[in-house]
Structure formats: structure tokens, C-alpha cells
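Each remark here refers to the structure printed beneath this line.
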Amino acid sequence: MGIVHTTQYLDFPSESWKILSNNPTIFEALDDNLTLNIRDVSHRERKLVFKKGGRIEYMRSVGKYRLKWDDVDLIN
């Protein structure tokens with residue numbers, strides 16, 4: 001299980017990601033090799049590459065966003 005906090009908003013385009021739930025917000029990758037480039041709160045760059053069907057939970061909390069995923073959903 002992976003988790004990262006960021007202060008930057010991420011866009012999940014509907015042609016690449018499907019929303020499965022609104023509370024909590026969960027997105028599912030519609031294709032293989034969907035990449036999210038994330039700068040965490042420590043200003044480190046992270047690159048997550050998802051498999052088709054991979055899911056990520058996206059939650060806003062007090063000025064930042066928390067992203068949580070299962071490592072088996074990643075290609076890298």
C-alpha cells in the first residue's frame with residue numbers, strides 16, 4: 001500500500017480515468033501505463049505508472065491532498 005501527500009491539485013481526465021466513488025473519491029485507470037507525476041509535501045518528485053484497472057484514492061484534507069493506492073496496481 002502506498003500513500004503520499006501533496007499540496008498540488010491533480011487532474012484525472014475522464015478519457016483515462018473512471019470515477020468509482022465520491023466518498024472517498026476513487027479513480028480507476030482505463031488503460032495501461034497511465035502516469036501520475038506527483039510532487040509530495042517534501043518537494044520530491046514521484047512518478048506512479050498504473051495498470052489498466054488500477055485504483056487510486058484521492059482525498060482532500062486541510063490544504064493538501066492524500067493519495068493512496070495498492071502497489072499491485074502499479075507497473076513500476
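Couple of notes before you dig in:
- Of (1) 14.0, 44; (2) 11.6, 32; (3) 14.7, 46, the label for Rg and Dmax of the Cα atoms in Å derived from the coordinates: (2)
- Among F50, L36, Y65 the positive-end extreme of the charge dipole of the chain (Cβ point charges): Y65
- A simple charge model with +1 on the Cβ of Lys and Arg, -1 on the Cβ of Asp and Glu and nothing else charged puts the dipole of the chain at about 300 debye relative to its Cα centre.
- Percent RCO, i.e. relative contact order, over the chain, from Cα pairs under 8 Å lying at least 6 residues apart: 35 percent
- Residues of the range 1-26 with an amide N closer than 20 Å to a point placed 7 Å from the Cα of V41 along the Cα-to-Cβ direction: 1-11, 24-25.
Read-outs: derived from the displayed coordinates by stated rules, not from any lab. Predicted model only: the values in this text are computed from it and were never measured. A quick note on method: Cβ atoms are made from the backbone with ideal geometry, for glycine too, and the neighbour counts reach across all protein chains shown.
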